[in-house]
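Please read the structure below before turning to the comments.
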């Protein structure tokens, strides 16, 4: 009989976005990892950027947990596997604690994971206690760990915040507010810089580990940061073993080339895991810098920041020619969001300038000043429904045939709604970001697996 895996676990949440939960999650992971403890971090909801920081901090792969996108069984399997090999499991929430359907609170309650609330207290005093009380008691039965004040101004401010709590045991400490130039020694809001799609990816900053160590040092001075492994056992959770769900080897014997570099970096670690479970050999290449595709049967061009590297993409005519030869040989390409953008003929950048692209898809894209689409989506491919999400600042105009459209979780696909799924020769392309494990047969269809209808 397989027994549950027992491990301390915390879900780091907040009353809203922008409170500092990513910084606190990464800091806590780094603090324990550098003490030799095995830490696994998860991100609640679809997100490509925060996991880069959490993986650097923990030294372990970071997967997503979402009761809709993953499904409950998938979440259970990932948590159980992580608990078996870890001293501490951390889950970063999404938006506010109760925002979205399903929310971070739903995930915490389903698996019994205590919630640590991070609150930006920079412009409050007694209201901090009211927020903490409300987050803790708004929903009956919510597992609770405590509250951490972020961006605090002074020792006197700390005292006012702590004294305002109804339950003194809720207090997990405070992180001080610092100026942007102080990141070498302290941790606060400017620690992790942002741009239009979210956080700057960790590998783009030469001092990324220094920033994480600064955050860990600041957290080490708090009651939360001073907890030992024995102390953390108060938050131990029993994660039951899930039912076995083997993945059919639909890509056995096939090599899938995955684009991966600074322009194409929106890759779920779980998607790579799914490809391997399907029997694929995964090889990586740089669409920006390599002169040709590696030997492969199929290509996955993931999302990322092609708009920041458009000139380099256009200049790599050797890769353009290699992709054309791949398509001419009727070998499949799955191009996702930024990967699709690079295949169009041209892009209008945010400053209004025009830049040619690779031209394997007819049409063009244009960057917008505001989000063009955001939210969970599902897409039916070969009779199987992939779950995922959409998140982009550009719009596309194309004459390529549209063979499907996404829909929101509570809706059915409509002719002129949702994200288009384009089919041009052996290319499938869409703004849709797919969670592969939700429908491996659909993924195999996109990548030309044996026995899968074309």
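Since every read-out is calculated from the coordinates, none of them should be taken as a lab result. None of the values given here were measured: they were computed from a predicted structure. Using ideal geometry, Cβ is built from the backbone for each residue, glycine included, and neighbour counts are taken over all protein chains shown.
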### Query
Which of the peptides 412-419, 11-18, 437-444 is most tightly packed, and how do the rest follow, judged by the mean count of other Cβ atoms within 10 Å per residue?
437-444, 11-18, 412-419
### Query
Against the longest principal axis of the chain, how steep is helix 208-220, in degrees 0 to 90 to the nearest 10, with axes from Cα atoms?
20
### Task
Would you order 336, 85 from fewest to most other beta-carbon atoms within 10 Å of each residue's own beta-carbon?
85, 336
### Query
Relative to the longest principal axis of the chain, what angle (0 to 90°, nearest 10) does the C-alpha long axis of helix 317-328 take?
70
### Query
What FRET efficiency would be calculated for the residue pair residue 169, residue 385, taking the C-beta separation as r and a Förster radius of 30 Å, to the nearest 0.05?
0.10
## Note on the structure
For the pair residue 234 and residue 417, the simple spin-label estimate (label points 7 Å beyond Cα toward Cβ) gives in nm 4.8
### Message
Run the simple label-point estimate for residue 402 and residue 248 please: 7 Å along Cα→C-beta, distance reported in nm.
### Response
3.0
### Query
Within the chain, what percent of beta bridges assigned by DSSP are antiparallel, to the nearest 5?
45
### Message
What value in Å³ per residue do you get for the convex hull of the alpha-carbon atoms in region 343-454?
### Response
102
### Query
By counting other Cβ atoms within 10 Å of each Cβ, how are 234, 260 ranked from fewest to most?
234, 260
### Query
Relative to the longest principal Cα axis of the chain, at what angle does helix 127-137 sit, 0 to 90 degrees, rounded to 10?
70
### Task
For region 236-392, list log₁₀ I(q)/I(0) at each q in 0.15, 0.20 Å⁻¹, using the Debye formula over Cα point scatterers of equal strength and ignoring solvent, two decimals each.
-0.87, -1.38
### Query
What list of whole percents do you get for P(r) of region 5-239, with Cα-Cα distances grouped in 5 Å bins up to the one holding the largest distance?
1, 7, 15, 21, 22, 18, 12, 4, 1, 0
### Query
Cα centroids of region 209-273 and region 15-62: how far apart, whole angstrom?
8
#### Entry: Euclidean distance of C-alpha centroids, region 90-129 and region 358-436, integer Å
31
### Query
Just one of (i) 1.14; (ii) 0.99; (iii) 0.96 is Rg/Rh (Cα atoms, Kirkwood Rh) as worked out from the coordinates here. Which one is it?
(ii)
### Summary
Taking the chain and counting helices only, DSSP H stretches of n ≥ 4 at -39,500 (n - 2.57) each over all residues, the nearest-500 ellipticity at 222 nm comes to -7500 deg cm²/dmol
### Summary
Here FRET efficiency (C-beta to C-beta, residue 281 to residue 133, R₀ 60 Å, nearest 0.05) is 0.65
### Query
Of the listed peptides 120-127, 249-256, what is their order by residue-averaged count of other C-beta atoms within 10 Å, with the highest listed first?
249-256, 120-127
### Query
Suppose R0 equals 30 Å; then what is the FRET efficiency for residue 318 and residue 354 from their Cβ-Cβ distance, rounded to the nearest 0.05?
0.85
### Message
Using Cβ contacts closer than 10 Å as the measure, can you line up 106, 159 from fewest to most?
### Response
159, 106
